[in-house]
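Trainee: Encoded as structure tokens, here's the structure I'll be asking about.
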Amino acid sequence: MPKISIVIPVYNKEKYIIECMESVLSQTYKDYEIVVINDGSTDNTENLLQFYKSVIRYFYQENKGVAEARNLGILNARGEYISFLDSDDVWLPSKLEKELGLIERDKEIGLVYSNGYIINEKGKKCNINFFQINTPYRKMVLNKLFKNDFIPTSSVLVRKECFQKVGLFNSSLSSAEDYDMWMRISYLYKIDYVDFPLIKYRDNPEGISKNLDNALKGVLKALEKNRKNYFSLKGTSSLVKGYIFKKRYSDVFYNIGRCYLKLDAKKRSRELLLKSIYFYPLAIKPYIFYFLSFLKTEWYLFLRRLYLCVRIKNYQKYEKN
């Protein structure tokens, strides 16, 4: 039996599937199987996958969404570990080798993840990576993960036994089914990470993350489903946890509202920013972006680019030190 099962759900990704597959075949660690789930693609994806029929285990299902596709992959996986790769993302060659070496050091670790580069639709690397945007954490991290999703899905390596204990992905979530899963695993297992970029995440305009209303509903529902586990954690009073819960809701509305502002949907942006302020009136950023929404779009975009440049320079100074 293979050590690792690589689960690749794919839906209408003819532009990216070959680059994705080649990045798996280029791995330095070779004891794996590739489980591809075609989630009802209507483009040329199925024909392109024929080139790899000798090296993949192929399953087809009518379009049911990424959660059901991953679940079908898990149910058919034969490996001790499972790694997920979205079909528009790319792995760097040492991804499996480095993560397997880390997770096998400690049997209490249920999941490992890594840093990664962000690339655009054409594959060009942006001047920013995951850990510049989100601070990573290790060990028992539900309290941290509840505040922010810092685990990139295409970077994870998970013990298969985790799914036997926490169940499969929740297909009732319109999005954030992966975030929900990581919270469920982190309640029972240690989490660790490789502090090195091992994947390339494609910031794809066609991706589900661009469906902002679904993203909003999915994250809020995932938080509500994991609320009981979060409040059962020891070391923090219920009063403080309640305060953190409201702050998290505020952050979700703020982040989605800011994305709508970037898309020039100012009315929707203001609605969400006001909800952010309602849940946590002491936050400063929602007020700032609310007033920025009244600026002309070109001025807002200029100020945003300026902010990102300063943030990247500060991170680079930190890295040197």
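What follows is calculated from the coordinates using simple rules that are stated; it is not laboratory data. Note that the structure is a prediction, hence the values are computed from the model and not measured. Neighbour counts run over all protein chains shown; Cβ positions are idealised from the backbone, glycine included.
Trainee: Translational D (Stokes-Einstein, µm²/s) of segment 33-110 at 37 °C and 0.692 mPa s when Rh comes from the Kirkwood sum over C-alpha pairs? All intermediate terms of the calculation are to be shown ahead of the outcome.
Mentor: Details: Rh = 14.2 Å.
Stokes-Einstein gives a translational diffusion coefficient of 231 µm²/s.
Trainee: Check the straight Cα-Cα distances from Lys13 and name the lysines below 21 Å, setting aside those fewer than 8 residues away within the same chain.
Mentor: Result set, ordered by chain and number: Lys53, Lys64, Lys122, Lys124, Lys125, Lys200, Lys210.
Trainee: What are the semi-axes of the equivalent ellipsoid for segment 1-131, taken as the square roots of 5 times the Cα gyration tensor eigenvalues, largest first, in whole Å?
Mentor: Working: eigenvalues 105, 76, 37 Å².
Sorted largest first and rounded, they come to 23, 19, 14 Å.
Trainee: While we're on this one: Calculate log10 I(q)/I(0) of the chain for q = 0.07, 0.16 Å⁻¹, where I(q) comes from the Debye formula with a single equal point scatterer on each Cα and nothing for solvent.
Mentor: -0.29, -1.51
Trainee: Hey, how much of the P(r) for segment 1-73 falls beyond 20 Å, as a percent of Cα pairs?
Mentor: Roughly 25 percent, rounded to a whole number.
Trainee: Considering only C-alpha atoms, what is the centroid distance from segment 223-271 to segment 101-165, in Å?
Mentor: 20 Å
Trainee: Can you tell me the FRET efficiency between Thr297 and Thr135 if r is taken as the Cβ-Cβ distance and R0 is 30 Å, rounded to the nearest 0.05?
Mentor: Approximately 0.50, to the nearest 0.05.
Trainee: Work out the P(r) tail for segment 146-293: percent of alpha carbon pairs separated by more than 18 Å, whole number.
Mentor: It works out to 63 percent of all Cα pairs.
Trainee: For the Cα atoms of the chain, what angle does the longest principal axis make with the long axis of helix 177-188, in degrees from 0 to 90, nearest 10?
Mentor: 80 degrees
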